[in-house]
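The values are calculated or read from the model by the stated rules, or taken from the named source; none is laboratory data. Since the structure is predicted, the reported quantities are computational estimates derived from the model, not experimental observations. All Cβ positions, even for glycine, are placed from backbone atoms using ideal geometry, and neighbour counts span all protein chains on display. All accessible areas refer to the heavy atoms of the entire protein, side chains included, with ligands and DNA or RNA removed. Shrake-Rupley method; radii C 1.70, N 1.55, O 1.52, S 1.80 Å.
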Amino acid sequence: MPAYWIARSRIDDPVEYKQYTDLVPEIIASFGGKILARGGPFRIMEGPENFTRFVVIEFPSMERAVACFESKAYVEAASFRRAGAGIVENVIVEGLS
């Protein structure tokens, strides 16, 4: 079954955050992931307006999505944003067959 990696973020340091976003697409692709939405226009329908960037990535399976998130390459890339470039919430949810 496919799995979806959903991220909500607030970018505090665009220059530092870009170092992260420049690396991530290649890492995601190496795990079979496909970016379905990355930034762009959005509309919050309900809930707090704490985040200004939304990302949805489809992976072939939950296992591949988790492996990507936990991979050395992703952890190294994420260190740019985790050092104060922004706040991110990530969730991986299994899709329907």
Inset, instruction - Tell me which residues, restricted to region 80-95, are modelled with pLDDT of 95 or more, open to solvent by less than 60 Å² (accessible area, probe 1.4 Å) and more than 12 Å from the chain's Cα centre (by Cα). - result: G95
Legend entry - Failed criterion for R64 (all others in (1) open to solvent by 60 Å² or more (accessible area, probe 1.4 Å); (2) touching a helix residue (DSSP H, G or I) at 6+ places or on another chain (Cβ under 9 Å); (3) in a helix (DSSP H, G or I) hold): (2)
Inset, instruction - Answer yes or no as to whether A77 is touching a Leu at 6+ places or on another chain (Cβ under 6 Å) and either at pLDDT below 95 or of a type in the set (G, A, S) (or both). - result: yes
Inset, instruction - Output the number of residues of region 3-52 satisfying the condition of being at negative phi, surrounded by fewer than 15 Cβ atoms within 10 Å (Cβ to Cβ) and in a loop (DSSP other than H, G, I, E, B). - result: 12
Inset, instruction - Would you please name the residue that is most open to solvent (accessible area, probe 1.4 Å), looking only at residues in region 67-78 that are touching a residue at least 40 places away in the same chain (Cβ under 8 Å) and under 13 Å from the mean Cα position of the chain (by Cα)? - result: F69
